[in-house]
Amino acid sequence: MGLTERGMSDRQFPRTAIVLFNLGGPDRPEAVRPFLKNLFTDPAILRVPFFIRPFLARWIARARTGPASANYALMGGKSPLLPLTQRQASALAAWFPEESCRVFIAMRYWHPFSAETARAVAAWKPERVLLLPLYPQFSTTTTASSLTAWREAAARAGLIAEVTTLCCWAEDPGYIKATAALVAKTLAKARTEIAPGTPLRLLFSAHGLPEVIVKGGDPYQAQVEATARAVAAILADKNLDWLVCYQSRATPQKWLEPSTEVEIERAGREGVALVVAPIAFVSEHSETLVELDIEYGELAKNCGVPAYFRVPAQNDDPGFIAALADIARGALKQGFGLCSHQGGRICAAQHQDCPFGTRP
């Protein structure tokens, strides 16, 4: 059902481009190394002096191409992220008037890059643009990086329109409800399949970050944990054993804890079955299909975890897409400028990297 059917006419709805942001992924085996190079060339990811970054990025990309290619081979030689995001974009577009709104996709590290998308949006000549990151929780490493790339690309493309920027939607009620529904379904499946009397624990697994980034003011950890609390609350099971953990450590630095691997090992020692929910991803990709399903599934088996279940990512789940449409509508109602799903700033004062800003 489009917005026109909900009482909003085309006349009331200016010509609007909705731009969905995601990380992207290689679309063929040959793209793995350049994708990795793009990733590690990003100053938001590799936080070293600028004159070192290009050389270090090439070295890391070269070193990681083999292992990364092996992971992508398990997914058919490419990332599923773009086709899944295209499905999300098509499903979202169905909620808006066909002639007055169009949904575009801009990926950070592989095609379609922001430069490509900005040119396409400029050619379409919208009156307003909604920047909608597919990262529910804000981080300087994801949302901020994507928005920086977009602003530079939009300026080069000569894109002139009123812009609404949604920074985060970590506790949006519709998103929480849709996520909780997927978690509840997997929990119910687990309870019917594990042996009677076997304890069950829910792990909300999020992509980790170096601890120094969070201590520097990045609100990501706080928003991830807020999402998890909200989902656990709506599950309404006071006896539910749950916690937040972090996966995908990529550098020798100290990363956010506890790690998902450590929690899997602990569950094995304690004889606890696991349900693992990717709490910071809304699409399947290598961190879910390979890391959670294959690598951590094997770890769970080797550690003696009685049973291991994984909650699917939202992808184009109808409940999630309906929530995303409401999130987009709410942001557009805020008008020009920056907003969260609640309108204004939601980050505590110590989170100085909140896009609303507290740094001098």
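The values are calculated or read from the model by the stated rules, or taken from the named source; none is laboratory data. None of the values given here were measured: they were computed from a predicted structure. Glycine gets a Cβ as well: all are built from the backbone with ideal geometry, and neighbour counts include every protein chain shown.
What to note about this one:
- Residue in segment 98-107 that is in a strand (DSSP E or B) and more than 21 Å from the chain's Cα centre (by Cα) present: yes
- Any hit, segment 52-74, residues being modelled with pLDDT of 90 or more, under 23 Å from the mean Cα position of the chain (by Cα), assigned by TED's automatic domain parsing to the domain that holds HIS111 and not in a helix (DSSP H, G or I): yes
- Tally, over segment 258-297, of residues that are touching a Gly at 6+ places or on another chain (Cβ under 8 Å) and within 23 Å of ARG229 (Cβ to Cβ): 1
- Scanning segment 323-337 for residues that are surrounded by fewer than 18 Cβ atoms within 10 Å (Cβ to Cβ) and hydrophobic (A, V, I, L, M, F, W, C) yields a count of 1.
- Restricted to segment 283-301, and to residues there that are charged (D, E, K, R) and either modelled with pLDDT under 95 or closer than 12 Å to ASN71 by Cβ (or both), the residue that is farthest from the chain's Cα centre (by Cα) is GLU295.
- Residue match in segment 202-213 (condition: part of a loop (DSSP other than H, G, I, E, B) and either over 30 Å from PHE40 (Cβ atoms) or not assigned by TED's automatic domain parsing to the domain that holds GLU284 (or both)): no
- Listed by first and then second residue, the pairs linking a residue in segment 91-120 that is farther than 23 Å from ASP326 by Cα to a residue that is of a type in the set (Lys, Arg) and not in a strand (DSSP E or B), with Cβ atoms under 8 Å apart and 6 or more places separating them unless they lie on different chains, are SER114/ARG108; ALA115/ARG156; ALA118/ARG156.
- Between ALA123, ALA153, ALA149, ALA161, the distinction of being without any contact (Cβ under 8 Å) to a residue 24 or more places away in the chain and either over 13 Å from the mean Cα position of the chain (by Cα) or surrounded by fewer than 19 Cβ atoms within 10 Å (Cβ to Cβ) (or both) belongs to ALA123 only.
- Total residues in segment 331-360 satisfying the condition of being in contact (Cβ under 8 Å) with a residue 40 or more places away in the chain and outside any loop (DSSP other than H, G, I, E, B): the figure is 6.
- For beta carbons closer than 8 Å, sequence separation of 6+ or different chains, a first residue in segment 38-50 that is closer than 17 Å to PHE138 by Cα and a second that is surrounded by fewer than 17 Cβ atoms within 10 Å (Cβ to Cβ) and among the β-branched types (Val, Ile, Thr), the qualifying pairs are ALA44/THR148.
- Residue match in segment 124-131 (condition: farther than 24 Å from THR41 by Cβ, basic (Lys, Arg) and not assigned by TED's automatic domain parsing to the domain that holds GLU284): yes
- Qualifying residue in segment 178-193 (condition: under 18 Å from HIS351 (Cα atoms) and either assigned to a helix (DSSP H, G or I) or without any contact (Cβ under 8 Å) to a residue 12 or more places away in the chain (or both)): no
- Unique residue being under 21 Å from VAL282 (Cβ atoms), touching a Lys or Arg at 6+ places or on another chain (Cβ under 9 Å) and either buried (at least 18 other Cβ atoms within 10 Å of the Cβ) or not assigned by TED's automatic domain parsing to the domain that holds ALA325 (or both) when the list is PHE35, PHE96, PHE104, PHE40: PHE96
- Extreme residue, surrounded by the most Cβ atoms within 10 Å (Cβ to Cβ), among residues of segment 214-244 that are in a helix (DSSP H, G or I) and over 18 Å from the mean Cα position of the chain (by Cα): ALA232
- Flag for SER100 being touching an Asp or Glu at 6+ places or on another chain (Cβ under 9 Å) and within 26 Å of VAL290 (Cα to Cα): no
- Checked against the criterion of being closer than 26 Å to GLU295 by Cα, in contact with a strand residue (DSSP E or B) (Cβ under 6 Å, 6 or more places away or on another chain) and not β-branched (Val, Ile, Thr), the candidates LEU203, LEU243, LEU209 yield just one match: LEU203.
- So ILE60, is it buried (at least 17 other Cβ atoms within 10 Å of the Cβ) and more than 28 Å from LEU130 (Cβ to Cβ): yes
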